[in-house]
Amino acid sequence: MTSHRSAAFCAPPLSSQGYEVSDVRTGEEALLAIRDQRFDLVWLDVNMPGMGGLAACREIRAGSDVAIIMLTVRNSKAEKVTALDAGADDYTPKPFGIPELSARIRAALRRLPVPLGTDREMIHLGEVEVDLLAWRVRRKGRETRLTPKEFELLQ
């Protein structure tokens, strides 16, 4: 499995869904990992030990367009606004279900920009269209959802 479009922090349940996960415990560890590797998604807990999730989010956003989803036990509107203003793309309060988190991850990954100078890699097979860079599959114009492992096999 490639690390392309499949990495996250602090997300053990995602491994079972076919995502490649790098698990860190502090904001400082997250920043070090991002300097050393390429990630498409960062899932940060607001209440991480050491440098908190909001500070880590600001640092990450200052140098990266990676998708960031914040996780927290707080569900106030002010907390959501603070996280989004810090650079988060989404905000998920606890408790949450894995299907909801998976949908939020898929949505965040769909919004990732295509790198400049990169043509979309499209494959057309009859009624099926596969966009390798956006991780999208369409049949007769309707999007078909695939797990990361299914998409990897399709590639």
Seminar exercise, completed: Checked the range 28-51 for anything within 21 Å of LEU101 (Cα to Cα) and over 13 Å from the mean Cα position of the chain (by Cα); matches are ALA30, ASP45, VAL46, ASN47, MET48
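Among LEU116, LEU41, LEU112, LEU54, which is modelled with pLDDT under 85, touching a Leu at 6+ places or on another chain (Cβ under 9 Å) and either assigned by TED's automatic domain parsing to the domain that holds TRP135 or not charged (D, E, K, R) (or both)?
Selected residue: LEU112, the only one of LEU116, LEU41, LEU112, LEU54 that is modelled with pLDDT under 85, touching a Leu at 6+ places or on another chain (Cβ under 9 Å) and either assigned by TED's automatic domain parsing to the domain that holds TRP135 or not charged (D, E, K, R) (or both).
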For this session: Could you tell me which numbered condition LEU14 fails, if it satisfies all but one of (1) in a helix (DSSP H, G or I); (2) within 27 Å of GLU150 (Cα to Cα); (3) modelled with pLDDT of 85 or more?
Result: (3)
Problem set entry | Residue satisfying condition, being at pLDDT below 85 and under 16 Å from the mean Cα position of the chain (by Cα), within set ARG61, ARG74, ARG5 | ARG5
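The values are calculated or read from the model by the stated rules, or taken from the named source; none is laboratory data. Because the structure is a prediction, the values reported are computed rather than measured. Backbone-built Cβ (ideal geometry, glycine too); neighbour counts: all protein chains shown.
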